[in-house]
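The following block contains the structure, expressed as structure tokens.
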Amino acid sequence: MIISSLAYFLLALLLHEAAHLAAARACGVTVTEFGLGWGRILFGFQCRKIDFGVRLLPVGAYVRFDLSELQQRPLPQQVLILLAGIIANLLAATATSGTRFSLMNFLLAATNILPLYQQDGWKCGMVMLRGALGRKSPLVEWTFTIAGSVLSLVLFSALLIRVLRVH
């Protein structure tokens, strides 16, 4: 069960990051790297000027965008690129309802939508704040980051307490 859950989680991660990659390419934003895992690189290859790599710790994944190109796109395109992974996970979860793969996709979408530092929800919030203000504002951005982190921790704590009470 643990092995299959890990496999479904990794598949959901790949789907999530592949959606970011597809959205970025559709919007003309350069992607330089697509990585699975963190830490030292185990193996990799290059395809269409993108470095693909598998790293030592299979606990995450990422797509590295050209940030200046991303920031030059209209706000709706930036939001689409940043939320594409969550959208793909929600579609996959709905399409495979009732399966462990569905659960992994829902969990990945739920954790990524939170305004927790460096998660997709946080990145999207920053882009929208900058768009609304018409500029960067360190005070507003730090306030959003701290408030989002506190809110995320409160939600995680409430969920944990609820789960522990049920069992």
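Every number in this text was worked out from the coordinates using simple rules, so none of it is lab data. Since the model is a prediction, treat every value here as computed from it, not as a measurement. Please note: Cβ atoms are built from the backbone with ideal geometry, for glycine as well, and neighbour counts cover all protein chains shown.
Could you please report the charge total around V54, scoring K, R as +1 and D, E as -1 over all other residues with beta-carbon less than 13 angstrom from its beta-carbon? Working shown, then result.
Details: positive: R40, R55; negative: E17, E33, D51.
Here the charged neighbours net out to -1.
Just flag the trypsin sites (Lys or Arg not before Pro) in segment 47-120 sitting in loop per DSSP whose Cβ has no more than 15 other Cβ atoms within 10 Å.
Values: sites: R48, K49, R55, R64, R100; in loops: R48, K49.
Counting only loop positions with at most 15 other Cβ atoms within 10 Å, the trypsin sites (Lys or Arg not before Pro) in segment 47-120 are R48, K49.
Given the rule -39500 (n - 2.57) for each run of at least 4 DSSP H residues, summed and divided by the residues of the chain, what is its mean residue ellipticity at 222 nm, to the nearest 500 deg cm²/dmol?
On the way: 6 runs with 109 residues, N = 167.
That calculation yields -22000 deg cm²/dmol at 222 nm.
Run the numbers on the chain and let me know its relative contact order in percent, using alpha-carbon pairs under 8 Å that are six or more apart. Provide the component values of the computation, followed by the final result.
Details: 224 pairs, mean separation 31.8, N = 167.
That works out to 19 percent.
Based on alpha-carbon atoms only, what is the radius of gyration of segment 115-167 relative to the globular estimate 2.2 N^0.38 Å?
Working: Rg = 14.2 Å, N = 53, 2.2 N^0.38 = 9.9 Å.
Taking N as the residue count of segment 115-167, the ratio is 1.43.
What is the extension gain from L129 to R48, computed as 0.36 nm multiplied by their sequence separation minus the C-alpha to C-alpha distance, in nm to one decimal?
Here the segment from L129 to R48 would lengthen by 25.8 nm.
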